[in-house]
Amino acid sequence: MEEYLLPCINKNLFGVECYGCGGQRALLLVFKGEFTEAFLMYPAIYSLLLLLSFLIVNLFVKFKYDYRIKIWLIVLNGTVIGISYILKMSQFLQLTN
């Protein structure tokens, strides 16, 4: 399965990881049952899976506050992705200096 992963164009062109780098590999780790390694690879993997699961269920089952839940989950994902990216880039900058 690893040979079918899409390469990161941003990393190939500029040498810097993007916000989504590690997401595919983390999803494969979740499928393999390596949950801690998946979180360490891409911390937003579980919040993204939660959002995706909610969106799929919400297609068939309507909730009273579904719009608010969606917005909250999107904000949560954006926050987790942003913080993990900042931490990843700060580590990258420390290694290059």
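The values are calculated or read from the model by the stated rules, or taken from the named source; none is laboratory data. Just so it is clear, the structure is predicted and the values come from calculations on it, not from any experiment. Cβ placement follows ideal geometry from the backbone for every residue including glycine, while neighbour counts extend to all protein chains displayed.
Below is a table of values for the structure above.
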| item | result |
| --- | --- |
| Complete set of residues in segment 48-97 that are polar (S, T, N, Q), modelled with pLDDT of 95 or more and within 18 Å of Leu27 (Cβ to Cβ) | Ser53, Asn77 |
| Pairs with Cβ under 8 Å, 6+ apart, first in segment 1-23 and over 19 Å from Ile45 (Cα atoms) and among the hydrophobic types (A, V, I, L, M, F, W, C), second loosely packed, with under 15 Cβ neighbours inside 10 Å and at pLDDT below 85 | Val16/Asn10; Val16/Phe92 |
| Matching residues, segment 1-38, being in contact with a helix residue (DSSP H, G or I) (Cβ under 8 Å, 6 or more places away or on another chain), among the hydrophobic types (A, V, I, L, M, F, W, C) and farther than 19 Å from Leu93 by Cα | Met1, Leu5, Leu6, Ala26, Leu27, Leu28, Leu29, Val30, Phe35, Ala38 |
| Of all residues making up segment 41-97, the number that are among the aromatic types (Phe, Trp, Tyr), within 22 Å of Asn10 (Cβ to Cβ) and either free of Cβ contacts under 8 Å to residues at least 12 places away in the same chain or touching a helix residue (DSSP H, G or I) at 6+ places or on another chain (Cβ under 9 Å) (or both) | 1 |
